[in-house]
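J.: Have a look at the structure that comes next, please.
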Amino acid sequence: MQLPPTLVDYLIVFVLCVVIFNSVYTRWLKISPHFPPGPQRLPLIGNIHQIPFEYQQRMFASWAKHHGDIIYMQLFHKPSIIVDSVRVAQELMEKRASKYSDRPQFVMVKEYLQPKPSLVFMSWGEKCRRLRKFFQSALENKAALEGYRPLQRREIHRLLRDLAQSPMGFMAHVKRYAGAIILEIDYGHRVTSAQDEWMVYVDHTVDEFTTTGSLAASLVDFLPLMKHIPSWMPGGGFKKRALIVGAKVRDMMEIPYRKVQRDMASGCAKPSFMTSLLEKMTQDGCLSAEEEYDIKASCLVMYTAGSDTTITSLMTFILAMVLHPHVLDKAQAEIDRVIGSERLPELDDREALPYVDCIVKEVYRWNPPVPLGIPHRVMEDDIYRGYVIPGGATIIPNIWSMGHHTDIYSDPEKFFPERFEEMDTQTANQKDPRKFIFGFGKRICPGRYLADETVWLAIANILATMNIQKCRDPSGQEITPIPSFKTGIVSQVDPFLCEIKPRTEKAANLVGQHNAGDV
Ligand code: HEM
């Protein structure tokens, strides 16, 4: 027989309800006046249901229209701050760099892809500072950058010849150009063809690495409990894939290391980032296992961080030229006026070619290669504009949105280099996308000068010697590519068709004069 509920039963139920309501209200529903504004969160999951699998930068930018340039969101229990303006990014990540230079834990990378973090994923601290110094001396030092010029010149000649000889393979040629420069600086490895075994292997693995590590694939970063799901269970499939990619990443670290060591032992190693690290870190002929790992990982990171990003800017440029022939004509007129047609542009000509520089800036702004940057982590609680930024929060700079603010760049979807030409010098400096596309503060991209010079050199030389135009279909109709960029960490350009050929016979001769063996 069922007894009627007693007063004690009612009391227990009442107390339970109060406890549950209170914890839900205080943790999830109460909109704290102290956090920056942001979209409404749900209990337990926070804002995860509002994050699209693709092009998150666009959703974050639409939030900024309602909530302003600093937004609070929560992915499960993890707090994140989206920064939507250069000003806030500089105020937090540059002026308060001592608090904002850490990286969040990337569970997916750490557990499956690279057991010890390489520079990009490394927490802020003594080792990170030390490794950054090595990168800076190889990539930010004026003498080092000048030392790379013969290599850049040789590779640009090769790029132009490749474009003239097999224009349909333009994407492979651009990849080879960017990859060859970085691989030679990095390991002293000379790339002779687009099928270079090492480059193909690395590119394939990097593609897998970026998809495996993308937001869509790495829910485990926000819900680390997922790492305990067995790989055969629903939701655990990501592990199998990640373990395969992880093995390839280890190969990519080992193979060139062994080769450079062999070359050093036999006295035929070319000076490179890797040889300089080996020399600097070896003490009394010894290297600890940890130092060995750091050298291998740093060299791998130089290539992986530097190649795709540079390629993306160059492919964005070619796409923009197909779509905007008047920009190409205007830049060619500037080059003809300043340099003439007897020689190719050099980095020293940069200041004398302001319109070409506007094109480079517009390429960076229109499709910033790393649209959401690489997240930082704030190391302790902070107060900004009266808001609480909780210690441990992930800081996501929406770099794409910074280049698409309508109040700063009118009609931002339009590729329009003139927007920079019309500004006075001070405004043009303030609005220069190089102020944000390379990130912020102590974690700013150490490869930014090399990247910018490599990109400028290719753009100026292609403009000087090549015409880029739309292809025609068999019925003679022009094919107009629709600009489309991949979602993910790097905003790669989707494949498109175009026709590239030397502008004039003189340009073809100029390109032909230089052959691949000229350095
Ligand atoms: C157009 C080309 C490039 C773009 C747009 C770009 C962009 C970025 C961005 C946004 C970051 C994150 C900065 C931050 O955390 O605030 C970064 C980091 C980094 N980049 Fe680049 N990058 C480019 C080319 C390169 C090149 C050529 C190299 C090396 C040869 C390189 C090496 C690195 C490294 C090592 C880091 C990690 C720094 C750290 O965590 O301390 N990048 N880059």
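The values are calculated or read from the model by the stated rules, or taken from the named source; none is laboratory data. Note that the structure is predicted; figures quoted are calculated from it, not measured. No Cβ is skipped: glycine too gets one built from the backbone with ideal geometry, and neighbour counts run over all protein chains shown. For the accessible areas, the whole protein counts, side chains as well, though only heavy atoms, and no ligand, DNA or RNA atoms are used. Shrake-Rupley method; radii C 1.70, N 1.55, O 1.52, S 1.80 Å.
J.: Hey, Ala216 hits all of (1) at pLDDT below 70; (2) open to solvent by less than 40 Å² (accessible area, probe 1.4 Å); (3) closer than 29 Å to Asp494 by Cβ but one; which does it fall short on?
T.: (2)
J.: List pairs: first in region 313-334 and closer than 17 Å to Arg503 by Cα, second open to solvent by 40 Å² or more (accessible area, probe 1.4 Å), Cβ under 6 Å, 6+ apart or cross-chain?
T.: Cβ pairs passing all conditions: Val322/Lys470.
J.: Next up: Quick one: which of Arg130, Arg153 is open to solvent by 20 Å² or more (accessible area, probe 1.4 Å), touching a residue at least 40 places away in the same chain (Cβ under 8 Å) and over 21 Å from the mean Cα position of the chain (by Cα)?
T.: Exactly one of Arg130, Arg153 is open to solvent by 20 Å² or more (accessible area, probe 1.4 Å), touching a residue at least 40 places away in the same chain (Cβ under 8 Å) and over 21 Å from the mean Cα position of the chain (by Cα), namely Arg153.
J.: If you don't mind, another one. Here are some residues: Gly179, Gly188. Which one is within 16 Å of the ligand (Cβ to nearest atom), out of contact with any strand residue (DSSP E or B) (no Cβ under 9 Å at 6 or more places or on another chain) and over 16 Å from Ile311 (Cα atoms)?
T.: Within the list Gly179, Gly188, the selection yields Gly188.
J.: Further, regarding this structure: Scan the helices (runs of 4 or more DSSP H) fully inside region 405-489 and keep the ones with 1 or more residues being touching a Ser or Thr at 6+ places or on another chain (Cβ under 8 Å), of a type outside the set (Asp, Glu) and within 12 Å of the ligand (Cβ to nearest atom).
T.: 448-465
J.: Another one. Before we move on, is Ala178 more than 23 Å from Arg472 (Cα to Cα), of a type outside the set (Lys, Arg), touching a residue at least 24 places away in the same chain (Cβ under 8 Å) and crowded, with 21+ Cβ neighbours inside 10 Å?
T.: Against the criterion (more than 23 Å from Arg472 (Cα to Cα), of a type outside the set (Lys, Arg), touching a residue at least 24 places away in the same chain (Cβ under 8 Å) and crowded, with 21+ Cβ neighbours inside 10 Å), Ala178 qualifies.
J.: Suppose we filter region 134-149 for residues that are assigned to a helix (DSSP H, G or I), open to solvent by 20 Å² or more (accessible area, probe 1.4 Å) and either within 11 Å of the ligand (Cβ to nearest atom) or in contact with an Asp or Glu (Cβ under 9 Å, 6 or more places away or on another chain) (or both); how many remain?
T.: Number satisfying all stated conditions: 3.
J.: Let me ask another. Among the helices (runs of 4 or more DSSP H) lying completely within region 53-121, list those that include at least 1 residues that are modelled with pLDDT of 95 or more and in contact with a Pro (Cβ under 6 Å, 6 or more places away or on another chain).
T.: 56-67, 86-89
J.: Search region 366-383 for residues that are outside any strand (DSSP E or B) and pair each with any residue that is of a type in the set (Asp, Glu) when their beta-carbon atoms are under 8 Å apart and the residues are at least 6 apart or on different chains.
T.: Note: pairs meeting the criteria are Pro369/Asp308; Val378/Asp102; Met379/Asp102.
J.: Restricting the search to region 358-391, which residues are aliphatic (A, V, I, L, M), within 13 Å of the ligand (Cβ to nearest atom) and open to solvent by 10 Å² or more (accessible area, probe 1.4 Å)?
T.: Val370, Leu372, Ile374
J.: Can I ask one more? Residues of region 335-357 being open to solvent by less than 10 Å² (accessible area, probe 1.4 Å) and either in a helix (DSSP H, G or I) or within 16 Å of the ligand (Cβ to nearest atom) (or both), which ones?
T.: Of everything in region 335-357, those that are open to solvent by less than 10 Å² (accessible area, probe 1.4 Å) and either in a helix (DSSP H, G or I) or within 16 Å of the ligand (Cβ to nearest atom) (or both) turn out to be Ile335, Tyr355, Val356.
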